[in-house]
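Everything on this sheet refers to the single structure shown next.
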Amino acid sequence: EDDVEVGQAPRALVHRLRLLHRAVHVFVYAPDGRLLIQQRSSLKDTYPLHWECVGGHVGPGETYADTAAREVQEELGVARRNFAFITKISASPETGYEFVEVYRAEVELPIHPNKDEIVRVRAVSVGELQQLVKDKVDPFTPVSLRALEAAGLLAES
């Protein structure tokens, strides 16, 4: 409960038992300043076809920052640059019992999305993002919404 690693377990078990665990979310920006959001595969065990940013679980012995860099590479097939920590979110039911560190990064295009995890990627302005969230036509994962709020990207302008 103090975000201290005490053991490890398979992802499915961690989620089923609602164990506290670590994850990252990375707001990845294209060279034109638009945010890249991605739609999860229909095969995902949680929130299939929901929209989110790059993210994933922190592995045993891995740091949050190392995980963030790995996830950008694994999900988008590119290295990140201008990488920076934004905020940390405490574990709660809203985050799926994840302690979440939120980062920002920039990437060069083209990207190469992992087809096993991602259906499609969209580049959106902050205004477009806010409208997508408001319209609720294409749902976002709850933890992505929480990360966007914590980073101030869903604040009224």
Subset of segment 104-147 [touching a residue at least 24 places away in the same chain (Cβ under 8 Å), aliphatic (A, V, I, L, M) and more than 17 Å from Asp32 (Cβ to Cβ)]: Ile118, Val119, Leu132, Val143, Ala147
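Looking at segment 120-143, can you tell me whether even one residue there is hydrophobic (A, V, I, L, M, F, W, C) and within 27 Å of Asp2 (Cα to Cα)? Please lay out each step first, then the result.
Filtering segment 120-143 for residues hydrophobic (A, V, I, L, M, F, W, C) gives 121, 123-124, 126, 129, 132-133, 137, 140, 143.
Checking which are within 27 Å of Asp2 (Cα to Cα) leaves us with 143.
Checked against the condition, which is being hydrophobic (A, V, I, L, M, F, W, C) and within 27 Å of Asp2 (Cα to Cα), segment 120-143 yields at least one hit.
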Hits in segment 49-99 - residues which are in a helix (DSSP H, G or I), over 28 Å from Glu1 (Cα atoms) and not aliphatic (A, V, I, L, M): Gln73, Glu74, Glu75
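Return the residues of segment 128-153 that are out of contact with any helix residue (DSSP H, G or I) (no Cβ under 8 Å at 6 or more places or on another chain) and not in a helix (DSSP H, G or I); say none if nothing qualifies.
Let us first name the residues in segment 128-153 that are out of contact with any helix residue (DSSP H, G or I) (no Cβ under 8 Å at 6 or more places or on another chain), namely 128, 130-132, 134-137, 139, 141, 144, 147, 149-152.
Within segment 128-153, Lys136, Val137, Pro139, Thr141, Ala151, Gly152 qualify.
Specify the residue that is nearest to Arg70 (Cα to Cα); the eligible residues are those in segment 5-58 that are of a type in the set (Phe, Trp, Tyr) and open to solvent by less than 70 Å² (accessible area, probe 1.4 Å). Write out each step before concluding.
Looking only at segment 5-58, we keep the residues that are of a type in the set (Phe, Trp, Tyr), and these are 27, 29, 47, 51.
After this cut, where a residue has to be open to solvent by less than 70 Å² (accessible area, probe 1.4 Å) as well, the list is 27, 29, 51.
On the way: Phe27: 14, Tyr29: 16, Trp51: 20 Å.
Within segment 5-58, the match that is nearest to Arg70 (Cα to Cα) is Phe27.
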Unique match (being closer than 19 Å to Val133 by Cβ, touching a residue at least 12 places away in the same chain (Cβ under 8 Å) and among the aliphatic types (A, V, I, L, M)) among Leu20, Leu36, Leu76: Leu36
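Residue-by-condition table, conditions (1) of a type in the set (Val, Ile, Thr); (2) modelled with pLDDT of 95 or more:
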residue: Val58; (1), (2): yes, yes
residue: Gly61; (1), (2): no, no
residue: Ala65; (1), (2): no, yes
residue: Arg80; (1), (2): no, no
residue: Val100; (1), (2): yes, yes
residue: Val107; (1), (2): yes, yes
residue: Ile111; (1), (2): yes, yes
Within segment 93-150, tally of residues that are touching a Lys or Arg at 6+ places or on another chain (Cβ under 6 Å), open to solvent by less than 30 Å² (accessible area, probe 1.4 Å) and of a type in the set (Ser, Thr, Tyr): 1
Tally of residues being farther than 30 Å from Val14 by Cβ and of a type in the set (Ser, Thr, Tyr) across segment 94-146: 1
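Being of a type outside the set (Asp, Glu) and assigned to a helix (DSSP H, G or I) is true for just one of Val14, Val28, Val24. Which residue is that? Walk me through it before giving the result.
Details: Val28 fails: assigned to a helix (DSSP H, G or I); Val24 fails: assigned to a helix (DSSP H, G or I).
The match here is Val14.
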Thr46, sole failed condition from (1) assigned to a helix (DSSP H, G or I); (2) out of contact with any helix residue (DSSP H, G or I) (no Cβ under 6 Å at 6 or more places or on another chain): (1)
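The values are calculated or read from the model by the stated rules, or taken from the named source; none is laboratory data. Computed from a predicted structure; not experimentally measured. For neighbour counting, all protein chains shown are included, and Cβ atoms are generated from backbone atoms with ideal geometry for every residue, glycine included. When the accessible area is computed, the model is the full protein with side chains, heavy atoms only, and any ligands, DNA or RNA have been set aside. Shrake-Rupley method; radii C 1.70, N 1.55, O 1.52, S 1.80 Å.
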